[in-house]
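Right, one structure below, let's go through it.
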Amino acid sequence: MIAYLIIIISFLFDGILTNFLPYLPNHLSFFTPLLTLTSLIVIMPLFRKQEKKYFLTVFLVGLLYDLFYTNLLFFNAVLFFLVTFILYQIHKKLRENTLSKLIEFTSTIILYESLTGMILFLYQVVPVTIPKVFYKISHSLFLNLIYGILLWLMICWIPEKYKKIRIN
C-alpha cells in the first residue's frame, strides 16, 4: 500500500513541478523533475519476490505518465520498463545503502535521458544533439537525487509491517 501511495504522490508532484519550473534550454533552473521514475526505483525493494507485479506497476505508471504528461502513447511505458529492468539487475548486485542508492538514482536519470535522446534522434521527433542530452542529464540530476534520497530515508524509517505488499 505504501508503494502505491508513494507513486501517486510522486506522480502528482511531478505534474505540479513541470507546470511551475522553467523547462526550456538555457534556463538557469537545475530542477527538471523525473520524480515518478525516481519513486519507481525507490519502491523497488518493497516488491520483494514480486517482480511481475513490480514490472506491471512500472509499465502501467509509464502508460499513465504518457497519457497525462507527454501524449506519446507507450513511449514512457516502454522507457520506464527498460530503465527499471536494467536498474533491477544492478540493484540485485548492490547492497542497500546510501551510496548504492545514489548510484541507482544517477544511473536512472542518465539511462532515461540518454534513451530518450537516442529515440527522439532516431525518429527525428525533435532535433536532439549530444550537448542537449548532457544539459538535460545535468539539470535532472540535482532535484531527483535529493528527492530520491529523502524518499528512501523516509521509507527506511517506516516500520516493516507497513512496507509489505500483500498478495490476496
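Give just the number: which of (1) more than 29 Å from Met1 (Cα to Cα); (2) at pLDDT 90 or above; (3) of a type outside the set (S, T, N, Q) does Leu120 not satisfy?
(2)
Go through (1) under 18 Å from Pro45 (Cβ atoms); (2) open to solvent by 60 Å² or more (accessible area, probe 1.4 Å); (3) at pLDDT below 90; (4) not hydroxyl-bearing (Ser, Thr, Tyr) for Ile158 and report which single condition fails.
Exception for Ile158: condition (2).
Condition check ((1) farther than 22 Å from Ala3 by Cα; (2) among the hydrophobic types (A, V, I, L, M, F, W, C)) across all residues:
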| position | (1), (2) |
| --- | --- |
| Leu73 | yes, yes |
| Leu82 | no, yes |
| Tyr112 | no, no |
| Val126 | yes, yes |
| Ser140 | yes, no |
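May I ask you to list the residues in the stretch 104-147 that are buried (at least 16 other Cβ atoms within 10 Å of the Cβ), assigned to a helix (DSSP H, G or I) and without any contact (Cβ under 8 Å) to a residue 12 or more places away in the chain?
Result: Leu120, Phe121.
Against the condition open to solvent by less than 20 Å² (accessible area, probe 1.4 Å) and at pLDDT below 75, how does Thr32 come out, does it pass?
yes
The values are calculated or read from the model by the stated rules, or taken from the named source; none is laboratory data. For clarity, every value in this text was computed on a predicted model and none was experimentally measured. Glycine also receives a Cβ, built like all others from the backbone with ideal geometry; neighbour counts cover every protein chain displayed. Accessible surface is based on the protein model in full, side chains and every heavy atom, while ligands, DNA and RNA are left aside. Shrake-Rupley method; radii C 1.70, N 1.55, O 1.52, S 1.80 Å.
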